[in-house]
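Peer 1: Please read through the structure below; I'll follow up with questions.
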Protein chains: 2
Amino acid sequence: MSKGFVEKITSRHEDFAQWYTDIVTKAELIDYSSVRGSMIIRPYGYAIWDNIKNELDKRIKETGHENVYMPLFIPESLLNKEKDHIEGFAPEVAWVTHGGDEELTERLVVRPTSEVLFGEHYKNIIHSYRDLPKLYNQWANVVRWEKTTRPFLRTLEFLWQEGHTCHETKDEADEEAIKMLKVYAEICEEYLAIPVIKGQKTDKEKFAGAEYTYTIESLMHDGKALQSGTSHYLGDGFAKAFDIQFTDREGSLQYVHQTSWGFTTRIIGAMIMVHGDDRGLVVPPRLAPTQVMIVPIAQHKEGVLDFAYSLKKQLSDVVRVDIDASDKKPGWKFNEYEMKGIPIRLEVGPRDIEQEQVVLVRRDTGDKITVSLINLERQIQSLLDEIQKKLFERARQHREEHTEMVLDFASLKEFFESKTGFVKAMWCGERACEDKVKEETGATSRCMPFEQEAISDTCVCCGKEASSLVYWAKAY
Amino acid sequence: MSKGFVEKITSRHEDFAQWYTDIVTKAELIDYSSVRGSMIIRPYGYAIWDNIKNELDKRIKETGHENVYMPLFIPESLLNKEKDHIEGFAPEVAWVTHGGDEELTERLVVRPTSEVLFGEHYKNIIHSYRDLPKLYNQWANVVRWEKTTRPFLRTLEFLWQEGHTCHETKDEADEEAIKMLKVYAEICEEYLAIPVIKGQKTDKEKFAGAEYTYTIESLMHDGKALQSGTSHYLGDGFAKAFDIQFTDREGSLQYVHQTSWGFTTRIIGAMIMVHGDDRGLVVPPRLAPTQVMIVPIAQHKEGVLDFAYSLKKQLSDVVRVDIDASDKKPGWKFNEYEMKGIPIRLEVGPRDIEQEQVVLVRRDTGDKITVSLINLERQIQSLLDEIQKKLFERARQHREEHTEMVLDFASLKEFFESKTGFVKAMWCGERACEDKVKEETGATSRCMPFEQEAISDTCVCCGKEASSLVYWAKAY
């Protein structure tokens with residue numbers, strides 16, 4: 001912090017990837033370490049994650065779930081129990097082979113996800129329909145051995161919550177999977193101001209071991225999509241692999257129906273890429289660890305600092321407010337808090353005090369508003385609400401402007417050669433067409449949206465009968 | 001839960017170890033898994049940890065610390081940088097040697113603690129005295145390759161917080177180390193009702209890489225001691241190994257002075273062994289996820305359930321209250337909530353409703369009190385306070401009764417042959433005497449208490465001049 005923020009960051013239109021890297025380091029969200037592909041989450045980054053975590057945890061508990069904690073390590077034989085699951089995850093796990101000086105008789109995987117651990121536990125504790133549903137969640141770190149990594153978006157280790165539930169029936173499990181996807185969508189839209197498309201993944205893109213996967217997809221400022229949260233209906237595949245049976249209401253043995261769902265630190269990457277601009281991060285007010293930063297002007301003059309501190313005290317009942325009374329120049333402070341994306345800067349100097357007013361500067365628009373001290377709390381609260389709404393609206397509009405309907409393959413190819421964004425196009429349901437689209441355009445199927453429209457009768461790729469509308473995009 | 005709690009647990013006087021194992025499983029704190037030495041923390045166990053975590057996190061933030069998150073893995077070369085540290089930890093770390101199918105060019109350690117990661121980061125972000133102090137904390141899982149494990153007390157993986165701070169001067173760092181030890185002592189005494197002895201570890205028992213270690217030690221019901229939290233003054237050893245230098249107020253380069261301090265899920269083991277009894281767990285009211293459990297009596301009779309639910313609603317503003325309206329017999333419910341150590345059971349049946357009263361049953365004493373509905377909230381709150389105080393007082397008294405002063409080696413040996421508890425005895429400061437005590441009695445030096453008394457002039461072991469009073473005990 002002592003170095004100030006005089007250096008400019010790369011423009012996001014010039015080099016979006018470099019702009020992103022500049023922001024995550026200069027807004028002090030992360031630092032690199034000598035651990036390849038891992039990141040240090042710094043106090044400001046962690047405060048943002050903590051807020052997301054608390055907000056989501058509240059909603060997870062309100063929907064009846066309980067938190068538990070499972071081991072970090074998974075014995076190889078346990079991971080091998082569900083065939084599709086191990087096939088999907090084996091290439092990207094870290095292996096522990098030695099404890100102290102001794103070679104282990106069985107290798108351990110550092111958890112990439114915990115379905116199998118929950119499976120083993122559920123077998124122990126579920127016996128009757130009276131034990132159902134079991135609605136568990138855990139907050140944990142997981143590891144996936146990625147080759148190419150980027151802070152928040154794709155890291156060797158990341159933080160997340162993973163929900164794992166067991167139900168009597170398929171319908172109940174499916175309802176749960178959709179319910180939790182909606183909770184994720186709410187967090188994104190209401191809290192992070194990120195508009196999302198809710199839908200279902202194709203078989204090609206579903207979770208390894210799931211019968212089907214629901215997803216929320218969001219669009220970044222550069223027109224690439226980001227999978228922002230997924231919820232899986234696991235069917236009874238894990239139940240059979242782990243023998244999780246219960247005596248049903250009629251007295252016969254049944255396998256449970258399961259779900260799992262996860263939301264990760266990746267969403268911080270989405271927040272950066274949806275709202276940020278060339279002056280740095282823009283944090284939505286509801287999420288912001290500091291909503292209002294007070295910067296005293298001419299603070300050496302008598303009464304200014306006292307007044308600024310009394311304002312902080314007064315405002316702290318209603319908003320998360322801080323003050324920077326350091327001896328840095330105001331211009332430096334302005335740059336620093338713009339880089340950090342604090343929603344409102346409050347400037348107060350001798351003349352303001354005389355005239356019983358302060359100046360509020362919006363991070364999202366740069367607008368300066370002079371407001372009277374009367375009803376300051378209420379004015380700030382309503383301004384924060386307005387900024388929150390505006391950020392969501394701006395992102396929604398950006399997505400609309402970068403979403404096109406396409407009817408034939410030539411147009412599809414042309415779109416991804418000349419533009420970025422979502423393409424809505426019909427699909428026949430065949431893996432071959434998905435593969436061809438990927439190969440020739442670089443885009444993947446993001447989801448079959450819950451809100452289906454029949455924009456044509458034929459598949460955009462092969463021209464055969466279409467079975468559903470699909471959102472296509474290049475993706476992170 | 002569906003199985004009820006009819007089976008008795010082992011008496012703690014008969015077999016303390018088995019009693020402990022019975023409690024952790026039957027109170028549904030943990031489950032075992034196929035991961036050797038690791039535990040599944042179940043919802044009730046996790047709710048207890050979450051309360052401890054929230055209470056401690058609040059105090060960590062109030063004392064000016066910020067949370068961060070460091071990587072799980074440590075490259076071997078990084079761990080090797082501080083000689084004493086690696087010597088202490090190398091025998092008990094888990095090694096990651098493969099990522100996916102590839103053998104790594106450098107092995108990674110699963111963090112047993114994070115001094116070296118903080119060291120590397122601090123070198124990057126500290127340049128001037130203006131950057132100091134740096135007061136960081138992280139909540140994380142860590143792994144130590146223990147041979148013999150027991151739930152909470154010693155597990156391959158455990159959850160904890162680890163504080164890591166940098167300061168301009170030795171005095172400031174030492175003050176920090178003591179301040180955080182006091183925070184731990186407060187959490188133990190005020191929140192967990194566990195009395196502790198604050199003191200300093202001998203060189204033999206200090207943390208690998210520390211100049212000295214402060215500790216809080218508590219006494220379990222079986223008379224064995226448990227190290228309940230430690231705080232280390234690291235000196236400038238890590239600073240030199242990681243080259244963490246700053247320009248001081250006079251403009252010259254200096255190494256920072258560091259501390260680290262940790263508090264773990266182990267404390268749940270202490271809570272069990274200090275307060276539990278032959279009917280199960282006893283959770284101190286301030287910590288208890290559920291403070292009052294309402295058990296309706298003759299709940300099939302008209303009005304009973306409605307009344308019980310309205311009581312729950314009424315009480316939920318002031319205490320953490322739950323109701324068991326399941327169709328299990330009241331006696332089964334009594335057993336279950338006694339096993340889980342819920343501080344107060346509230347019984348309410350038709351006659352109580354008629355007479356505008358309820359029955360409160362204390363978990364700690366078994367006392368039944370009939371109380372009027374008038375001022376029920378306040379009566380319950382004051383009863384919870386009384387239970388909290390009583391538990392602490394009972395544990396303190398138990399410790400007093402199991403603490404003896406000893407002046408000579410014969411008496412020391414006799415104590416540990418016939419009794420359990422703390423021995424207060426003088427020590428010359430030589431490692432040889434500590435080793436001899438350990439060898440001949442099984443007891444270790446727990447700490448040199450801050451409150452020193454000169455009970456004799458000579459070492460209890462060698463008879464040479466004594467340098468300090470030491471608490472000795474057999475320990476977990």
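Peer 1: Considering segment A:202-247 alone, what residues qualify as being part of a loop (DSSP other than H, G, I, E, B), charged (D, E, K, R), in contact with a strand residue (DSSP E or B) (Cβ under 9 Å, 6 or more places away or on another chain) and farther than 29 Å from A:S77 by Cα?
Peer 2: The one that is part of a loop (DSSP other than H, G, I, E, B), charged (D, E, K, R), in contact with a strand residue (DSSP E or B) (Cβ under 9 Å, 6 or more places away or on another chain) and farther than 29 Å from A:S77 by Cα: A:K224.
Peer 1: Are there any pairs with C-beta distances below 7 angstrom linking a residue in segment A:1-28 that is within 14 Å of chain B (Cβ to nearest Cβ) to a residue that is buried (at least 21 other Cβ atoms within 10 Å of the Cβ) and at pLDDT below 95, with the two at least 6 apart or on different chains, and if so which?
Peer 2: Listed by first residue and then by second, the contacts come to A:K26/A:F5; A:K26/A:I9.
Peer 1: Suppose we filter segment A:139-152 for residues that are touching a residue at least 60 places away in the same chain (Cβ under 8 Å) and crowded, with 22+ Cβ neighbours inside 10 Å; how many remain?
Peer 2: Counting residues in segment A:139-152 that are touching a residue at least 60 places away in the same chain (Cβ under 8 Å) and crowded, with 22+ Cβ neighbours inside 10 Å gives 2.
Peer 1: Further question on the same structure: Only residues that are of a type in the set (D, E) and either at pLDDT below 95 or crowded, with 19+ Cβ neighbours inside 10 Å (or both): list them for segment A:206-248, please.
Peer 2: A:E211, A:E217, listed by residue number.
Peer 1: How about segment A:117-131: which of its residues are touching a residue at least 12 places away in the same chain (Cβ under 8 Å), of a type outside the set (F, W, Y) and under 19 Å from A:Q254 (Cα atoms)?
Peer 2: A:G119, A:E120, A:H121, A:K123, A:I126, A:H127, A:S128, A:D131 - these are the residues of segment A:117-131 that are touching a residue at least 12 places away in the same chain (Cβ under 8 Å), of a type outside the set (F, W, Y) and under 19 Å from A:Q254 (Cα atoms).
Peer 1: Hey, among A:L117, A:L135, A:L108, which residue is within 10 Å of chain B (Cβ to nearest Cβ), over 27 Å from A:L391 (Cα atoms) and part of a helix (DSSP H, G or I)?
Peer 2: Every option except A:L117 fails the conditions.
Peer 1: Right, next: Conditions: (1) within 9 Å of chain B (Cβ to nearest Cβ); (2) part of a helix (DSSP H, G or I). A:A140 meets all but one. Number of the miss?
Peer 2: Every listed condition holds for A:A140 apart from (2).
Peer 1: Any chance you could count how many residues in segment B:333-365 are touching a Ser or Thr at 6+ places or on another chain (Cβ under 9 Å) and farther than 18 Å from B:E377 by Cβ?
Peer 2: Of the residues in segment B:333-365, 4 are touching a Ser or Thr at 6+ places or on another chain (Cβ under 9 Å) and farther than 18 Å from B:E377 by Cβ.
Peer 1: Let me ask something else. Suppose the filter is of a type in the set (V, I, T), more than 16 Å from B:D222 (Cβ to Cβ) and crowded, with 16+ Cβ neighbours inside 10 Å; does B:V423 pass it?
Peer 2: no
Peer 1: Let me ask something else about it. Among the numbered criteria (1) on the phi > 0 side of the Ramachandran plot; (2) out of contact with any Phe, Trp or Tyr (no Cβ under 8 Å at 6 or more places or on another chain), which single criterion is violated by A:T215?
Peer 2: Here A:T215 meets the rest and fails (1).
Peer 1: Do you know which residues across segment B:403-420 are outside any helix (DSSP H, G or I) and either touching a strand residue (DSSP E or B) at 6+ places or on another chain (Cβ under 6 Å) or among the charged types (D, E, K, R) (or both)?
Peer 2: B:T403, B:E404, B:M405, B:V406, B:D408, B:K419
Peer 1: Has segment A:344-357 got at least one residue that is loosely packed, with under 15 Cβ neighbours inside 10 Å and either in a helix (DSSP H, G or I) or basic (K, R) (or both)?
Peer 2: yes
Peer 1: Which of the residues spanning segment B:375-402 are without any contact (Cβ under 8 Å) to a residue 12 or more places away in the chain and part of a loop (DSSP other than H, G, I, E, B)?
Peer 2: Within segment B:375-402, B:N375 is the sole residue that qualifies.
Peer 1: Can I ask one more? Considering only residues that are crowded, with 24+ Cβ neighbours inside 10 Å and not in a strand (DSSP E or B), which ones fall in segment A:258-267?
Peer 2: A:T265, A:I267
Peer 1: Quick check on segment A:268-300: of everything there that is of a type in the set (S, T, N, Q) and either under 17 Å from A:I387 (Cα atoms) or touching a strand residue (DSSP E or B) at 6+ places or on another chain (Cβ under 6 Å) (or both), which residue is surrounded by the most Cβ atoms within 10 Å (Cβ to Cβ)?
Peer 2: Here the answer is A:Q291.
Peer 1: Would you check which residues across segment B:278-333 are among the small types (G, A, S) and either free of Cβ contacts under 8 Å to residues at least 12 places away in the same chain or outside any loop (DSSP other than H, G, I, E, B) (or both) and list them?
Peer 2: Residues satisfying the conditions are B:G280, B:A308, B:S310, B:S316, B:S326, B:G331.
Peer 1: Pick from A:E66, A:E87: which is modelled with pLDDT of 95 or more and acidic (D, E)?
Peer 2: A:E66
Peer 1: Being touching a Ser or Thr at 6+ places or on another chain (Cβ under 7 Å) and either surrounded by 22 or more Cβ atoms within 10 Å (Cβ to Cβ) or among the basic types (K, R) (or both) is the filter here, so list the residues in segment A:163-183 that pass it.
Peer 2: Answer for segment A:163-183, where residues must be touching a Ser or Thr at 6+ places or on another chain (Cβ under 7 Å) and either surrounded by 22 or more Cβ atoms within 10 Å (Cβ to Cβ) or among the basic types (K, R) (or both): A:G163, A:H164, A:T165, A:A173, A:E176, A:A177, A:K179, A:M180, A:L181.
The values are calculated or read from the model by the stated rules, or taken from the named source; none is laboratory data. Note that this is a predicted model, so its numbers are computed, not measured. Methodologically, a virtual Cβ is constructed for each residue, glycine included, from the backbone with ideal geometry; neighbour enumeration extends over all protein chains shown.
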